[in-house]
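The values are calculated or read from the model by the stated rules, or taken from the named source; none is laboratory data. Since the model is a prediction, treat every value here as computed from it, not as a measurement. The accessibility values were calculated without ligands, DNA or RNA, using every heavy atom of the protein model including side chains. Shrake-Rupley method; radii C 1.70, N 1.55, O 1.52, S 1.80 Å.
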Amino acid sequence: APGKAEMVQCGFGIMLSPAMFEEFALPGLRMVTEYMDRSCYHLDGTPQTRFLDLLCSLDRLHAIQWNPEPPAKPPLAWLDFFHAVRDRGRSLWVACDTETAIALTRQLGPDGLMVDVRDVKTLGQAEGVLERLQEASD
């Protein structure tokens, strides 16, 4: 990203209620995101989905990185949450396999979606995935 960029997180937030997250975590997150030109929140486990509205109160938070804990449901089971992230004007970063990346692109559209495709091993495979993602974007 151009300028100052940071991946922000609050790992211990998984143990907090929303009220405690707002009191103890949000001020530090606000301070860091306001200093940065670009920031992305590393959502540390699905229980942190309960903080989406609080996170989106950070005007300078640009994206959410989906980082579920094992054995969380696969990404496509979280489409409602992903739509909620996008509806709040934030980008979304999801690590997944090729087929999930294609399905997410079809469901969410390509704008503001970064798929970190983890099952590609060769340049030829990567080019094939890019073609399929382009088709899914149309």
(request) Would you please give the residues with an amide H less than 5 Å from that of GLY45, counting only those at least 5 places away or on a separate chain, with H modeled from the backbone geometry? (result) ASN67, GLU69
(request) Identify which of GLN65, GLN107, GLN125 has the largest mean-square fluctuation in a Gaussian network model of the chain, with springs joining Cα atoms closer than 10 Å. (result) GLN125
(request) Note the per residue figure in Å³ for the convex hull of the C-alpha positions in the chain. (result) 114
(request) On each of the three principal axes of the Cα atoms of segment 1-63, give max minus min coordinate, whole Å, ordered largest first. (result) 34, 20, 17
(message) Restricting to bridges with both residues inside the chain, how much of the DSSP beta-bridge set is antiparallel, in percent to the nearest 5?
(response) 0
(message) Can you give me the Kirkwood hydrodynamic radius for segment 55-97, using every pair of distinct Cα atoms, in Å to one decimal?
(response) 11.1
(request) Ignoring everything but the protein chains, give the 1.4 Å probe accessible area of ASP44 in square angstrom, nearest 10. (result) 50
(request) At 1.4 Å probe size, with every protein chain present, just tell me what the per residue accessible area of segment 58-138 comes to in Å². (result) 59
(message) In whole percent, and with a 1.4 Å probe on the protein chains, what portion of the accessible area of the chain is carbon and sulfur?
(response) 54
